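The values are calculated or read from the model by the stated rules, or taken from the named source; none is laboratory data. Predicted model only: the values in this text are computed from it and were never measured. Virtual Cβ from ideal backbone geometry, glycine too; neighbours counted across all protein chains shown. Accessible surface is based on the protein model in full, side chains and every heavy atom, while ligands, DNA and RNA are left aside. Shrake-Rupley method; radii C 1.70, N 1.55, O 1.52, S 1.80 Å.
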Amino acid sequence: MNTILKTEKLRVEFKTRQLGKATTKVALNGLDLAVQAGEVFGFLGPNGAGKTTTMNVLLGFIQPTGGAAYLFGIDVRQPIARQRIGYLPELTYYYKFLNAEEILRFYAKIFKIPNAEAEKRIDFVLKLVELQHARKRLIKTYSKGMQQRVGLAQALINNPDLLILDEPTSGLDPVGRMKVRSIIQRLKNEGRTVFFSSHEMGEVETICDRIAIINNGELKAVGSVSEISSQHGANLEKAFLDIIGFQPEAVA
Amino acid sequence: MKIICAVAGVAVKELYRRKEFYVLLIVTILICLVMGSVNVFNDDKVIRYLKELALLLIWISTLIIAITTTARQIPAEKEQRTLLPLLAKPLSRNQLIVGKFLGCWVACGLALICFYIFFGALAASREHAWPLLNYFQAALLHWFALGVVVALALFGSLVFAAPSSNSTICFVIVATILCLGRYLDAVALAQSEPIRSIFYAIYFAIPHLEIPFGMRNLIVHNWPLVEWKFIALDAIYLLAYIALFLAAACLVFRRKPVN
Ligand SMILES: Nc1ncnc2c1ncn2[C@@H]1O[C@H](COP(=O)(O)OP(=O)(O)OP(=O)(O)O)[C@@H](O)[C@H]1O
Ligand SMILES: [Mg+2]
């Protein structure tokens with residue numbers, strides 16, 4: 001099998017100050033992940049587990065304290081590792097003084113897509129996320145859901161082989177969520193790899209081939225949805241709570 | 001190169017889609033026109049004052065444009081979180097810095113052209129002459145000086161978290177250089193030893209922006225052209241500072257976490 005995304009003993013520490021005292025927060029602790037070509041891989045964990053941090057390392061936004069990460073076998077510290085990926089950040093805002101079309105054109109230039117091809121690609125992705133009608137409007141006039149869709153469009157502009165999506169459906173209405181899911185499904189059918197984080201168990205159950213569950217920066221479980229849920233003799237949500245060590249009595 | 005141009009293009013677009021540039025241009029024009037209308041006696045000296053004032057206003061306006069536009073580039077990308085999707089593309093951080101610099105510098109150049117055209121029209125309305133080459137010399141060095149300011153502000157925007165404090169610091173530095181830069185060696189001479197060396201060191205370390213600033217006088221007093229050799233030398237001198245500040249900016253940004 002062809003491993004497209006890989007982390008080896010990834011460790012990230014954040015130096016923070018609390019009441020003037022320097023403390024070290026370990027966000028990722030020896031994380032090993034491997035995502036194979038053509039998979040839809042769900043990345044789960046409670047708030048603050050380290051999902052976004054993992055993606056930040058994969059995209060070269062932060063340097064790991066230890067370990068290494070590779071995309072397509074290339075060390076993530078090299079910009080070229082990002083040539084064939086699309087990325088949707090957790091919270092997205094785009095240049096307010098540009099319209100959707102101009103933003104996509106700008107990003108297409110960074111990928112060095114020839115102009116004629118870029119225009120075709122822009123038409124295609126705008127149609128895919130259903131923003132055709134608003135393509136010439138400034139982004140600051142967009143609703144949150146529309147901005148999220150611009151985010152998805154920019155992630156797809158280079159026809160990526162690997163998509164890294166940080167909570168792609170958060171903040172969307174049920175119709176929006178369904179559309180994002182169908183886009184992911186479609187990408188999967190085209191043989192692309194999708195690595196995404198989510199808090200929506202239902203969504204994860206329907207579209208993921210495999211999932212990983214992390215807690216406090218450590219990998220707790222990895223496998224297909226059915227494997228993981230059957231190991232815990234329950235549905236995915238119960239299994240998830242079990243794995244992260246959540247005690248229902250503690251709440252009650 | 002295509003990547004750098006793309007980044008620069010967005011920065012230029014931002015400048016002309018924002019209002020500040022037009023406001024400054026209009027304010028400068030208005031002040032000059034009001035002052036110009038005072039000239040009832042058609043006195044030859046008054047036009048000099050008017051030209052002097054216009055050039056001073058142009059310098060102040062372009063410095064404001066250069067510093068404020070540049071200082072907010074990267075902080076705004078961070079704050080609006082546009083930096084993440086951008087850096088997730090195959091562009092290196094150095095390309096981003098150079099692109100931002102070029103964009104701001106070109107934007108300043110475009111603003112400068114507008115200002116100098118206005119200035120030329122203002123002067124011609126009184127003196128009926130268009131000494132284009134003199135204007136070109138002054139504007140060229142002015143543009144290179146703004147390049148140094150842009151590079152400085154870009155470097156500052158990576159060091160200081162808040163764009164406002166960065167802008168203020170840049171203004172103070174640039175204003176100090178413009179006003180005091182050329183007296184610094186004289187000041188140094190008047191000091192006793194350890195302090196004298198420090199002043200000399202500062203004198204040689206700072207970019208002498210007062211040289212392009214002084215080109216104003218040549219236009220105001222209708223002095224002849226400066227030898228091109230000296231213009232070229234000064235441009236190269238300023239270019240060296242641009243390179244220095246950009247290199248420093250790249251170095252600071254290289255390993256900085258963005259999240
Ligand atoms: N820049 C930072 N400085 C200090 N601590 C940080 C920083 N970024 C993240 N952390 C800490 O690292 C841990 C992991 O955060 P991360 O954002 O990766 O969580 P997450 O799994 O994405 O959570 P969520 O589901 O809420 O998005 C958290 O405890 C967070 O407080
Ligand atoms: Mg997160």
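Overall form of the range B:2-255: oblate. Here a/c, set by the Cα gyration tensor axes a ≥ b ≥ c, is 1.5 or more, and a/b is not larger than b/c.
What is the percent carbon and sulfur in the accessible area of the protein assembly as shown, measuring with a 1.4 Å probe over the protein chains and ignoring ligands?
Carbon with sulfur: 62 percent of the solvent-accessible area.
For the range B:1-96, the set of trypsin sites (Lys or Arg not before Pro) satisfying both a DSSP loop assignment and a count of at most 12 other C-beta atoms within 10 Å is given as B:K19.
Residue ranking by accessible heavy-atom surface, 1.4 Å probe, largest first, among B:K256, A:K9, B:K89 comes out as A:K9, B:K256, B:K89. Take each residue in B:75-88, count the other chain C-beta atoms within 10 Å of its C-beta, and the mean is 6. Tilt of helix A:115-128 relative to the longest C-alpha principal axis of chain A, in degrees (0 to 90, nearest 10)? Roughly 60 degrees, rounded to the nearest 10.
Calculate the FRET efficiency for B:W228 and B:L132 from the Cβ-Cβ distance with a Förster distance of 22 Å, rounded to the nearest 0.05.
Given R0 = 22 Å and the Cβ-Cβ separation, E is 0.95.
Using the Stokes-Einstein relation with a Kirkwood hydrodynamic radius computed over Cα pairs, the translational diffusion coefficient of the protein assembly as shown at 25 °C and a viscosity of 0.890 mPa s comes to 94 µm²/s. Kindly compute the accessible surface that chains A and B hide from a 1.4 Å probe when together, both sides summed, and give it to the nearest 100 Å². Chain pair A/B: roughly 2800 Å² of buried accessible area.
Distance cut-off 18 Å, Cα to Cα: go down the list A:K140/B:K19; A:K9/A:K220; A:K96/B:K13; A:K96/A:K144; A:K51/A:K144; A:K25/A:K51 and report the pairs above it. Check vs 18 Å cut-off fails for A:K51/A:K144.
The long axis of helix A:100-110 is offset from the longest Cα principal axis of chain A by roughly 80 degrees. Loop-only chymotrypsin sites (Phe, Trp or Tyr not before Pro) in the range B:5-97, please: DSSP not H, G, I, E or B, and at most 11 other Cβ atoms within 10 Å. Here the chymotrypsin sites (Phe, Trp or Tyr not before Pro) that fit, given the DSSP loop and packing criteria, are B:F41. Counted by Cβ distance under 14 Å from A:P46, the other residues give a net charge of -3, where Lys and Arg count +1 and Asp and Glu count -1. Rolling a 1.4 angstrom probe over the protein heavy atoms with all chains in place gives the protein assembly as shown an accessible area of 46 Å² per residue.
The calculated 222 nm mean residue ellipticity attributable to helices in chain B amounts to -28000 deg cm²/dmol, summing -39500 (n - 2.57) over DSSP H runs of n ≥ 4 and dividing by all residues.
Taking square-rooted eigenvalues a ≥ b ≥ c of the alpha carbon gyration tensor, is chain A rounded, prolate or oblate, where a/c under 1.5 means rounded and, failing that, a/b exceeding b/c means prolate? It is prolate, given that a/c is not under 1.5 and a/b is the larger ratio.
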